[in-house]
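So the structure is just underneath, and the comments pick up after that.
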Amino acid sequence: MSITQQYLLDTHRAWQLGEPGPPAPGAHDWQVVREWHDRRQFRAVLAGRPARGRLRRTLRRWRSRWPRALG
């Protein structure tokens, strides 16, 4: 059974039971890839390697919000 066939079967079953249907195949692929990438970068920071990209911007933003006595 292909992914599309399984999706259609699950959608039909959910419709019969009055439940919300499942997300379409591939609907969240980019979000999963982005979260995986962010997690790898976070682990790199914990291991002492420099942060790059979105994680670096986030860490810089958080650090700028800390009171100077703590930072």
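List of remarks:
- When every Cα-Cα distance of the chain is counted in 10 angstrom steps from zero, the calculated P(r) takes the values 17, 26, 20, 16, 16, 5, 0 percent.
- Spin-label pair T11/A47, simplified geometry with 7 Å Cα→Cβ offset, distance in nm: 4.1 nm
- Sulfur and carbon atoms: percent of accessible area, the chain [1.4 Å]: 57 percent
- For the chain, the set of chymotrypsin sites (Phe, Trp or Tyr not before Pro) satisfying both a DSSP loop assignment and a count of at most 14 other C-beta atoms within 10 Å is empty.
- Candidates per trypsin sites (Lys or Arg not before Pro) in the chain, loop by DSSP, up to 10 other Cβ within 10 Å: R68
The values are calculated or read from the model by the stated rules, or taken from the named source; none is laboratory data. A quick note: this is a predicted structure, and the numbers were derived from the prediction, not measured. When we count neighbours, we look across all protein chains shown, and the Cβ atoms used for this are built from the backbone with ideal geometry, even at glycine. All accessible areas refer to the heavy atoms of the entire protein, side chains included, with ligands and DNA or RNA removed. Shrake-Rupley method; radii C 1.70, N 1.55, O 1.52, S 1.80 Å.
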